[in-house]
Amino acid sequence: MEGLCLPKDALFLGFDSSTQSLKATVLDSNLCILTSEIVNFDSELPHYKTKDGVYRDSSINGRIVSPTLMWVEALDLILQRLQDSKKIDFNKLAAVSGSGQQHGSVYWKKGSSNILSSLDPRKPLVDQFGQAFSTRESPIWMDSSTTEQCRAIENAVGGPLELSKLTGSRAYERFTGPQIRRIFETQPEVYNDTERISLVSSFVASVLIGKYACIDHTDGSGMNLMDIKERVWSKQALKATAPDLEEKLGTLAPAHAVAGLIAPYFVQRYQFNKECLVIQCSGDNPNSLAGLTINTPGDLAISLGTSDTVFGITMDHKPSIEGHVLPNPVDPESYMVMLCYKNGSLTREDIRDRCADKSWDVFNQYLKQAPALNGGKLGFYYKDHEILPPLPIGYHRYTLENYKGDTLDGVTEHEVKEFDPPSEIRALIEGQFLSMRGHAERFGMPSPPKRIIATGGASANHSILTSIASIFGCNVYTVQRPDSASLGAALRAAHGWLCNRNGGFVPISCLYKDRLENTAFGSKLVATVEDDKLVAKYGVLVKKRMEIENQLVQKLGR
Ligand code: XUL
């Protein structure tokens, strides 16, 4: 394997531009973490006045955007911090890559390629990008204002399943194609004044290389615009979205490809090595897939962050009108499959604040206090319009009558106004994972999975991990650090560097084969299945939950 090793003193940097923060992680050539930094948007860049990193536009139903310049300012801030910490020698960085919240888009104003290519290292980026965008507000993944555009795009290509066959997903409101169509329809002057549209991921790469970077195949499949089999823009989908779109999107590239060399701005301002490679940036969930080293089709990952996601890999693309198929960012031969929920950590925090004295300790105590299966109490909590199922804001609670656990015979549900605090918390947590299990099974994900690797903030909570093990009926693992997206981006930086050195793709496992446990990517077993009967009872309960959910969708769904 000589020639497939990383140089001894090389360092690799990964960014994660997420909804609420920008993170950076630096790995050494043994794939151990040297240092990491975080910039929290609300508290550390308060002049943008975001809440949870976003603006919720009360005048338009479901419109959620973020200020693009905030992401730019955060990049200088985090690099400044890394420099001030003196924990790394920037000159040793061999490659950088990034992760971005998926689907969000940036609109570069005509003429901005000149701004990108002539950055002055004496001035901060934020002072130079003030005029670079044709709209200063980037639509992000939480937006659900494009229902009309979704239906129009699906109709234009022959229906939701046809669009899913073509692009890997039916039309989703947060996906970039419907977002672009909405901008074209409602702000044509913005659309016409745009020379390039980037995703958050390719936007980060563009700033780093000082020119427009390609969109990578994996994040490109979150747009409803890319032909997922051919990995080129689909003419049909482009036509259904907006005129002259292809020229605004540039070309696509594999996630392991080199986007370019680091721009002179970073060499002069932060003393990056001018040979430092920037590897294509990709979406946060794909980077987590890499960072969690998911490479067996039976394994699933559950990421518990601002959004909750479930994902795994598969060898073939089976189109469906639920869930998403994406190219695997670290293996061009396989696919990534994913489900995404909007009501993740912000909803858990809302219930914690209302029922558990704003304390995670009280929350956990209540979760343990209420018994598994919650005596047949089921809850549906949507603090924001949900993606899966497509339901509007609202909390719905049910109690099951005649419920013993083993069967649904004779069991009926009744809607109730409230639960006592312990039942409310258990209904929330069990509800989130019962929904994941129900939809994962319907989507054809492995059931039970061989194992689950949990990541994201809430994966530090042992009571939650125990519930996951009982509901899915498999062992649950976690990794050393919950920020798997920036870690995955740093790993992909090393992978891209190796592919480039090798003159072509090499399997990412070459980087850690036989020594995973000695790196930052080793996982440890944290929860096991203790009671098979309980798993079977959850299997029964999931059916009831899906039944009630279907009724809610019939009544209230988009
Ligand atoms: C995935 C999705 C979210 C964002 C969060 O489709 O919309 O998980 O990527 O950053």
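The values are calculated or read from the model by the stated rules, or taken from the named source; none is laboratory data. Keep in mind the model is a prediction, meaning the values are calculated, not measured. Cβ coordinates were reconstructed from backbone atoms using ideal geometry, including for glycine residues, and neighbour counts include every protein chain displayed. Only protein heavy atoms, including side chains, enter the accessible area calculation; ligands, DNA and RNA are left aside. Shrake-Rupley method; radii C 1.70, N 1.55, O 1.52, S 1.80 Å.
Hand me the GluC sites (Glu not before Pro) from region 272-375 located in a DSSP loop with no more than 13 other Cβ atoms within 10 Å, in residue order please. Write down the numbers at each step before the final one.
Values: sites: 275, 322, 333, 349; in loops: 275, 322, 333.
Counting only loop positions with at most 13 other Cβ atoms within 10 Å, the GluC sites (Glu not before Pro) in region 272-375 are 275, 333.
Rounding to the nearest 10 and keeping the result within 0 to 90°, find how far the Cα-based axis of helix 147-157 lies from the longest principal axis of the chain.
It is inclined by approximately 80 degrees.
What is the extension gain from residue 136 to residue 536, computed as 0.36 nm multiplied by their sequence separation minus the C-alpha to C-alpha distance, in nm to one decimal?
Working: separation 400, 0.36 × 400 = 144.00 nm, distance 5.10 nm.
Difference between extended and current length: 138.9 nm.
Counting only protein heavy atoms and using a 1.4 Å probe, what share of the accessible area of the chain belongs to carbon plus sulfur, as a whole percent?
On the way: 10150 of 20710 Å².
The computed percentage sits at 49.
What does the charge add up to near residue 313, with Lys and Arg as +1, Asp and Glu as -1, over the other residues with Cβ less than 11 Å from its Cβ? If you can, show how the numbers build up before the last one.
Details: positive: none; negative: 299, 316, 331, 333.
Every neighbour counted, the sum reads -4.
So what is the calculated 222 nm ellipticity per residue for the chain, using -39500 (n - 2.57) for each DSSP H run with n of 4 or more, over all residues, to the nearest 500 deg cm²/dmol? Can you show the working numbers first?
Working: 20 runs with 205 residues, N = 558.
Calculated mean residue ellipticity at 222 nm is -11000 deg cm²/dmol.
Within a Cβ distance under 10 Å of residue 484, other residues only, what is the Lys/Arg minus Asp/Glu net charge?
Working: positive: 481; negative: 16, 284, 483.
The answer is -2.
Among the GluC sites (Glu not before Pro) in region 392-439, which ones are in a DSSP loop with at most 11 other Cβ atoms within 10 Å of the Cβ? Mind listing them?
Values: sites: 401, 413, 415, 418, 424, 430; in loops: 418.
Loop-located and lightly packed - 418.
Compute the separation of the alpha-carbon centres of region 92-136 and region 471-519 and state it in Å as a whole number.
Region 92-136 and region 471-519 have Cα centres spaced 28 Å from each other.
Taking θ as phi - 60°, what are the ³J(HN,Hα) couplings along region 67-74 by the Karplus curve (6.51, -1.76, 1.60), each to the nearest whole Hz, with x for Gly and Pro?
x, 4, 5, 4, 5, 5, 5, 5
With θ set to phi - 60° and the Karplus curve 6.51 cos²θ - 1.76 cosθ + 1.60, what are the ³J(HN,Hα) couplings of region 122-137 in order, to the nearest whole Hz, using x for Gly and Pro?
Ordered by residue, 3J(HN,Hα) equals 7, 10, x, 4, 4, 6, 9, 9, x, 9, 8, 10, 7, 9, 7, 10 Hz.
What are the residues whose amide H is under 5 Å from the amide H of residue 527, where those residues sit 5 or more places off or on another chain and H is modelled from the backbone?
Sorted by chain and number, the residues that satisfy this are 476.
Over region 385-506, give the accessible area per residue in Å² for a 1.4 Å probe, as an integer. Present the calculation step by step, with values, prior to reporting the outcome.
Values: 4350 Å² over 122 residues.
For region 385-506, the solvent-accessible area averages 36 Å² per residue.
Could you run the Karplus curve 6.51 cos²θ - 1.76 cosθ + 1.60 with θ = phi - 60° over region 283-290 and give me ³J(HN,Hα) per residue in whole Hz, x for Gly and Pro?
Values, residue by residue: x, 5, 5, x, 5, 5, 4, 5 Hz.
Can you list the lysines whose alpha carbon sits under 24 Å from that of residue 23, skipping same-chain ones fewer than 8 residues off?
Within reach: 49, 51, 86, 87, 92, 123, 211, 274, 342, 524.
Starting from the Cα of residue 8, draw a straight line to each of the aspartates and glutamates and keep only those under 16 Å, dropping any in the same chain fewer than 8 residues away.
Qualifying aspartates and glutamates at Cα under 16 Å: 28, 89.
What is the extension gain from residue 128 to residue 91, computed as 0.36 nm multiplied by their sequence separation minus the C-alpha to C-alpha distance, in nm to one decimal?
On the way: separation 37, 0.36 × 37 = 13.32 nm, distance 2.47 nm.
Result for the pair: 10.8 nm of gain on full extension.
If you average the C-alpha positions of region 525-558 and of region 338-384 separately, how far apart do those two centres end up, in angstrom?
Spelled out, the Cα-based centre of one part sits 15 Å from the other.
Solvent-accessible area of residue 256, probe 1.4 Å, all protein chains present, reported in Å² to the nearest ten, please.
It works out to around 30 Å².
Considering amide H positions built from the backbone, and no H for Pro or chain starts, which residues 5 or more places from residue 253, or on another chain, come under 5 Å of its amide H?
Here the answer is 215, 216, 217, since their amide H atoms fall under 5 Å of that of residue 253.
Measuring from centroid to centroid over Cα atoms, what is the spacing of region 186-211 and region 274-330 in Å?
Region 186-211 and region 274-330 have Cα centres separated by 24 Å.
What residues qualify as long-range amide H neighbours of residue 109, i.e. H under 5 Å apart, gap of 5 or more or another chain, H built at 1.01 Å from N?
133, 134, 195
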